[in-house]
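Here's the structure we're looking at; comments come further down.
The values are calculated or read from the model by the stated rules, or taken from the named source; none is laboratory data. Quantities reported herein were computed from a predicted structural model and do not represent experimental measurements. Glycine also receives a Cβ, built like all others from the backbone with ideal geometry; neighbour counts cover every protein chain displayed.
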Amino acid sequence: MTTRVAQSARRVIKNLHRRALLPARFLSDQVLAKMHNRGAGARIGVVSDQSVYTSEEQFAPFQAYRSELRSRQGLTFLPMHLSDVMWGPRWALAPFDVIFVKLGFRMARREATQVLKDIRAATLGKKVIYFDGDDDLCIQWPEILPFVDLYVKKHAFKDRTCYLQPYIGKSNLTDYVHRQFGFSFASDAITDESFPVPRDELSKIRVGWNLALDRKIVQLYRNTRHEEVAPRSNDIVCRAGVPNDWIRFLRGGVEPVLRRLDGRFRVLTPNQRVTPDVYLREMRDSKICVSPFGYGEICWRDFEAILCGCLLVKPDMSHVETHPDIFEEYRTYVPVRWDLSDLEEKCSYYLTHAEERNRMIAAARSVLRDFYENGGFASRFAEILG
């Protein structure tokens with residue numbers, strides 16, 4: 001009974017925040033924006049099903065930079081739950097000049113298409129921008145592209161023509177696993193197939209900002225001392241779980257390769273979960289962090305490794321466009337082949353060439369520092385809004 005009461009109380013508080021406190025703050029922000037900008041700027045409705053935490057983090061900068069965006073550009077934001085919008089989108093979206101939309105990847109294709117179609121019909125003449133917070137590079141529902149003005153991803157194919165081809169499964173990574181290892185995605189309702197993007201819709205695909213602006217990474221940056229890399233007890237760390245799904249084909253081979261370095265180097269490849277403090281302590285005491293692919297190419301570990309002073313070693317990222325770009329080969333990270341055939345060789349080399357290793361660590365940290373301190377988010381956001 002106590003649990004039910006607590007759950008009920010949380011729902012009441014959440015609904016109060018969503019339907020009263022956020023609209024009140026939005027109105028207050030509009031007043032302040034007009035005072036500073038004399039009516040310039042835009043009112044932005046941020047519509048989301050709020051179903052996937054990691055993709056919701058794509059909107060985290062709107063809160064973190066709220067005062068700056070309001071005072072300098074006159075921009076105000078109102079986060080709205082999709083369910084509060086779709087009962088009457090024409091009325092619900094009337095107060096806004098620009099509409100941002102994000103849907104969770106578990107939504108059915110037909111439903112996602114209908115949502116964007118309804119929002120477009122209710123907002124003719126207004127800019128509709130879709131924010132794709134998925135881990136991978138591909139576009140899950142190309143059918144929604146005709147109903148949006150821009151389609152913003154955290155990272156995209158550097159060569160946009162890669163979107164013109166279909167992939168087995170949800171992305172280029174699932175396609176790779178299928179072709180290299182024969183894994184079938186036929187029975188997976190979410191990842192059975194990735195459809196091509198029509199050529200005339202390619203220009204809508206833009207890259208926004210990546211996980212560097214997720215709250216946990218920003219907090220780590222603020223809490224990290226950026227002095228010279230201190231002496232470290234461990235040579236290599238790779239704490240990356242190997243789930244019993246298609247990810248095992250991308251990660252399962254890492255530990256056997258690194259174990260061949262045992263004896264010459266101190267290698268950590270734990271697979272059990274630990275607290276964030278222990279996880280970061282391991283990184284801060286290691287020289288190299290190996291960061292394999294997961295459900296997408298980029299993960300929090302990439303940024304955590306750099307901020308903790310590790311050399312990032314990762315499968316080749318030359319096909320990816322992202323901002324901030326911490327994946328400049330042999331400048332900010334060390335690329336290895338996707339089949340890991342050169343992983344042992346490269347780890348061994350950079351463990352015995354400290355000067356080169358520390359140069360890349362410093363360069364990667366500099367990329368992040370410049371993005372955080374010199375308006376990286378503001379420039380990316382301005383480019384998207386046009």
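Quick notes on this one:
- Here Pro256 clears all of (1) in a loop (DSSP other than H, G, I, E, B); (2) surrounded by fewer than 20 Cβ atoms within 10 Å (Cβ to Cβ) except the condition numbered (1).
- Identity of the residue in the stretch 271-301, over 16 Å from His155 (Cα atoms) and of a type in the set (Val, Ile, Thr), that ends up surrounded by the most Cβ atoms within 10 Å (Cβ to Cβ): Val290
- Within the stretch 241-260, the set of residues being touching a residue at least 40 places away in the same chain (Cβ under 8 Å) and within 23 Å of Cys308 (Cα to Cα) comprises Arg251, Val254, Leu258.
- Helices (runs of 4 or more DSSP H) enclosed by the stretch 8-105 - at least 3 residues per element that are over 18 Å from Gly208 (Cα atoms) and either modelled with pLDDT of 95 or more or assigned by TED's automatic domain parsing to the domain that holds Leu150 (or both): 22-37, 66-73, 82-86, 89-92
- Only one of the listed residues (Ser348, Ser366, Ser318) is polar (S, T, N, Q), closer than 22 Å to Asn172 by Cβ and out of contact with any His (no Cβ under 9 Å at 6 or more places or on another chain). That residue is Ser318.
- Of all residues making up the stretch 364-384, the number that are surrounded by 14 or more Cβ atoms within 10 Å (Cβ to Cβ), within 28 Å of Val101 (Cα to Cα) and among the aliphatic types (A, V, I, L, M): 3
- Residue list for the stretch 232-251, restricted to those being assigned to a loop (DSSP other than H, G, I, E, B) and crowded, with 21+ Cβ neighbours inside 10 Å: Cys238, Ala240, Trp246
- Top-ranked residue of the stretch 264-320 - restricted to ones that are under 15 Å from Ala240 (Cβ atoms) and of a type in the set (Lys, Arg), ranked as nearest to the chain's Cα centre (by Cα): Arg301
- Any hit, the stretch 144-158, residues being in contact with a helix residue (DSSP H, G or I) (Cβ under 6 Å, 6 or more places away or on another chain), hydrophobic (A, V, I, L, M, F, W, C), without any contact (Cβ under 8 Å) to a residue 40 or more places away in the chain and surrounded by fewer than 20 Cβ atoms within 10 Å (Cβ to Cβ): yes
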